[in-house]
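Chemist: Dropping a structure here in structure tokens format, bear with me for questions.
The values are calculated or read from the model by the stated rules, or taken from the named source; none is laboratory data. In this text the structure is predicted, and so the values were computed from the model without any measurement. Note that we place each Cβ from the backbone using ideal geometry, even for glycine, and neighbour counts take in every protein chain shown.
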Amino acid sequence: TEHGRNPVPILIPLEGAKHYGPLADVAKYDTIPWNQKQNIAIWRGDMSGIVDGKFHYNHDLKNTPLLTCLIFPRCRMVYKALKKNLSLADVGFASCYNEELRQIEGVNMM
């Protein structure tokens, strides 16, 4: 989001070692100077989430692939970004337990 002209980051609480541990390795492999990096959001994750206050994996629900995807906020975000071919977002799922959800209405979700 933007507050005036200065971007305001949105931070989500994450589990220390699980989410931040691998960041120590980034400096070993990152050889691109900061001013040469692309202005793009990157997201990879699992297609799970909370629906009606309960944690679910994408294979728990018995709907059409599109309806199942639209129920999960993560899946909905990936589907919409990929369907619109957003140039500022490189998104996709690292894993998907439900074969039907790997591609939804011609959109490759992986």
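Chemist: Say we look at the range 28-48 and pick out the residues that are surrounded by 12 or more Cβ atoms within 10 Å (Cβ to Cβ) and hydrophobic (A, V, I, L, M, F, W, C); which of these is farthest from LEU88 (Cα to Cα)?
Modeler: Step one: filter the range 28-48 for residues surrounded by 12 or more Cβ atoms within 10 Å (Cβ to Cβ), giving 43-48.
Next, only the ones that are hydrophobic (A, V, I, L, M, F, W, C) stay: 43, 47.
Details: TRP43: 11, MET47: 21 Å.
This residue is MET47.
Chemist: Filtering the range 65-91 down to residues that are of a type in the set (Gly, Ala, Ser) and at pLDDT below 90, which residue is surrounded by the fewest Cβ atoms within 10 Å (Cβ to Cβ)?
Modeler: SER87
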